[in-house]
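Just below is one structure, and these are the notes that go with it.
Please treat every number below as a calculation from the coordinates, not as lab data. Quick caveat, the model's predicted, so the values are computed rather than measured. Cβ coordinates were reconstructed from backbone atoms using ideal geometry, including for glycine residues, and neighbour counts include every protein chain displayed.
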Amino acid sequence: MFASLLRGSELADIQEKVLEGRRLGFEDGMRLYASSDLTAIGTMANIVRERKNGSLAYYVRNQHINYTNICNKFCKFCSFYSLPRDPSAYTLTPEQVQDRVREYLHLPITEIHMVAGINPRLPYRYYLDILRAVKEVRPDVHIKAYTMVELAEICRQAKKPLEEVLPQLMEAGLDSLPGGGAEVFSDRVHRELFPLKQNGDEWLAMARAAHRLGLPSNATLLYGHIEEPEEKVDHLLRLRDLQDETGGFHCYIPLEFHPEKTDLEGLPAATGDDNLKEIAIGRLMLDNFDHIKAFWVMISPQISQAALWYGADDIDGTVMEYEITRDAVTDTRQSLTHSQLMDLIREAGREPVERDNRYRILSRS
Ligand code: V47
């Protein structure tokens, strides 16, 4: 049925590989980025998406908590961080974390996503305490917390290796790791935009160690700044290699860079086409990832609807309060109600299914 779809297209041979379930290589990835035939790329990605997940569109009832905005990494792409003396600087106490959880106790939230800046004044104990604080108020919630960057800081504070720290964090309530902090696995981009933070090799080494200890994670790519296509293809292939090795990644999330209020403010924002292309190329290159997430907060609910036909099968969730890229115009925190999320998916022509962190289906409608 699909065989003739791309006849005559510059991408017809890639389509053949996709139809036969063959793995794409570096050159294929470069050609996908070079092509302006978004329809062809999206069509191929949708074939893989439907092969893996049919018409299902997963969502989770979640809440984000960013426990501090104080950070000593000064990444040029970040609009979130503050210096300790800034009036906007904050660090939530474990009690304040509990207050945030209590605020939404009336909603059947199943996952709390907790990440923040690197505040060197926080001792190891704090990271254990806030996990326990969340579980005390919502014992059954799944806690997805601490990027690889935070884990490096937690190990530094604990003066212990990851292999010792992770079991203690898990004991305190940590259930999985989010995908943040990966940015782009390129030494050039690392030097230019985030030299104080771990590089790609270090991020991957920590993900490998976490997966081996039985802690799954997500993976991200931050695009739309100074990165080059070959750096993105390389990033995807390195994620794919690690997934072959550990099978520990749940999903891949391309994150659109928002230049507002960052050191890169002059850069043009990504377009809707850019967003759909990143989703689709991620779906095509990462043949061993079961799920691709369209994070609606960053790419908009409308583009996320289209993304469900360009390779994405997951739309994240209700979110409640997202501080990292607060709405630049209204400065409001972003959230969607459960019914808005369902309507969004249904209007897009997909079947909404509520999932837990491991993509087990909780409810279907
Ligand atoms: O690592 C920072 C990015 C990430 C900006 O695992 C920015 O399910 C855009 O990783 N514009 C954190 N992006 C968010 C993240 C995430 C989000 C949703 C779901 C999951 C998951 C993970 O946000 C950072 C960085 O790459 N970021 N500043 C900015 N100005």
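Structure notes:
- Ranked Arg85, Arg191, Arg208, Arg240, criterion: other C-beta atoms within 10 Å, fewest first: Arg85, Arg191, Arg208, Arg240
- Extreme residue, positive dipole direction of the range 2-364, given options Ser335, Met320, Leu215 (C-beta unit charges): Leu215
- Centroid-to-centroid separation of the range 186-200 and the range 226-256 [C-alpha atoms, Å]: 16 Å
- Under 5 Å, built H, 5+ apart or other chain: amide partners of Glu321: His64
- Among the listed pairs Lys73/Lys261; Lys76/Lys277; Lys73/Lys293; Lys159/Lys197; Lys52/Lys293, those whose Cα-Cα separation exceeds 21 Å are Lys76/Lys277; Lys73/Lys293.
- Sorting the segments 90-102, 69-81 by their mean number of nearby beta carbons within 10 angstrom, highest to lowest, gives 69-81, 90-102.
- Annotation: amide H of Asp313 within the under-5 Å range of Ile292, Ala294, sequence separation 5 or more or interchain, hydrogens built in the peptide plane.
- Note, ³J(HN,Hα) from phi for the range 268-284, Karplus 6.51, -1.76, 1.60, rounded to Hz, x at Gly and Pro: x, 6, 5, 9, x, 4, 4, 5, 5, 5, 5, 4, 5, 5, x, 4, 6
- Where labels lie 7 Å past Cα in the beta-carbon direction, separation of Arg191 and Glu16 in nm: 4.1 nm
- Separation of the range 1-63 and the range 95-163, taken as the distance between their Cα centroids, equals 37 angstrom.
- Most fluctuating residue given options Phe194, Phe289, Phe249, as computed from a GNM of the chain linking Cα atoms under 10 Å: Phe194
- Electrostatic dipole magnitude of the chain [Cβ: Lys, Arg +1; Asp, Glu -1; Cα centre; debye, to 20]: 820 debye
- Extension gain, Gln340 to Glu323, is 4.1 nm, computed as 0.36 nm per intervening residue step minus the present C-alpha separation.
- Annotation for Ser55 and Gln157: the two label points, set 7 Å from Cα along the Cα-Cβ direction, are 4.8 nm apart.
- Residue-wise HN-Hα couplings along the range 170-176, as the Karplus relation 6.51 cos²θ - 1.76 cosθ + 1.60 with θ = phi - 60° gives them from phi, are 5, 4, 7, x, 6, 10, 7 Hz; Gly and Pro carry x.
- Fewest-first sequence of Ser55, Ser335 by Cβ atoms within 10 Å of each Cβ: Ser55, Ser335
- Under Karplus coefficients 6.51, -1.76 and 1.60, residue-wise ³J(HN,Hα) of the range 218-231 in Hz, glycine/proline x: 9, 9, 10, 9, 8, 10, x, 10, 10, 6, 9, x, 5, 6
- Across the alpha-carbon set of the range 2-364, the Rg to Rh ratio works out to 0.95, Rh being the Kirkwood radius.
- Only helices enter the 222 nm calculation for the chain: every DSSP H run of n ≥ 4 contributes -39,500 (n - 2.57), and dividing by all residues gives -12500 deg cm²/dmol, rounded to 500.
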